[in-house]
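The values are calculated or read from the model by the stated rules, or taken from the named source; none is laboratory data. These numbers come from a predicted model, not from an experiment. All Cβ positions, even for glycine, are placed from backbone atoms using ideal geometry, and neighbour counts span all protein chains on display. Note: areas computed on protein heavy atoms with side chains; ligands, DNA, RNA excluded. Shrake-Rupley method; radii C 1.70, N 1.55, O 1.52, S 1.80 Å.
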Amino acid sequence: IQGCLQDKRRCERWLRSLHVVVDRSRNLSQKQQLEIVNRYINRHRHYRRDRRNQDAASWGHEAVFSQWSTLLEFLQRGGDCEDYATAKYTILRLLGYSADTLRIVVVYDRKTREYHAVVAVHDEQGNTRLLDIDNRIYGRKPTAYRYVYAVNENSIWDHSVASTLSKRRQRRIR
């Protein structure tokens with residue numbers, strides 16, 4: 001990726017659009033950068049769920065349903081929501097965003113009753129923006145989302161699995 005970003009002629013054909021997005025976004029406002037990165041990755045409509053496979057772990061064989069892809073893998077094959085989030089995160093890092101301002105947040109969507117991943121960006125005004133796969137950039141967490149955990153390359157934040165439960169069930173657990 002670095003070679004491609006330095007010289008467009010070194011880009012493989014399928015990577016040229018990445019060079020253009022990063023190169024032309026460098027001098028834009030943060031709001032414009034977030035919009036461009038969000039739309040660029042979301043236009044890769046190769047949404048596909050991870051295949052079910054077996055992970056041989058020391059405690060036995062557990063079914064693993066999530067495999068996180070790199071930016072290159074995502075641009076070649078597409079992916080599911082965490083792959084979209086990882087791709088956006090990586091491009092924002094290439095644009096100079098610090099890891100301290102970025103998170104990949106796994107949420108529980110109470111409407112769909114599924115887990116979902118988005119990118120959280122702390123903007124220059126101290127607000128948090130969520131980049132989602134529907135091309136929207138949320139200024140606040142959608143009410144259907146419950147934070148489960150967040151990660152970046154330096155840390156993990158546990159937002160408690162209990163928070164994915166209804167208020168009634170949370171009271172019973174306490």
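Numerical summary
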| item | result |
| --- | --- |
| Estimated inter-spin distance, residue 135 and residue 20, nm [label 7 Å along Cα→Cβ] | 1.7 |
| Potential lengthening between residue 5 and residue 124 on full extension [0.36 nm per residue; Cα-Cα distance subtracted] | 40.3 nm |
| Of 88/141; 8/31; 88/111, pairs whose Cα-Cα distance is over 21 Å | 8/31; 88/111 |
| Carbon/sulfur fraction of accessible area - region 67-124, other protein chains in place, 1.4 Å, % | 46 |
| Integer Hz, Karplus 6.51/-1.76/1.60 couplings in order for region 134-139, x for Gly and Pro | 9, 6, 8, 10, 7, x |
| Residue 13/residue 93 FRET efficiency (R0 22 Å; Cβ-Cβ; nearest 0.05) | 0.40 |
| Carbon/sulfur fraction of accessible area - region 1-48, other protein chains in place, 1.4 Å, % | 43 |
| Residue 39/residue 157 FRET efficiency (R0 30 Å; Cβ-Cβ; nearest 0.05) | 0.65 |
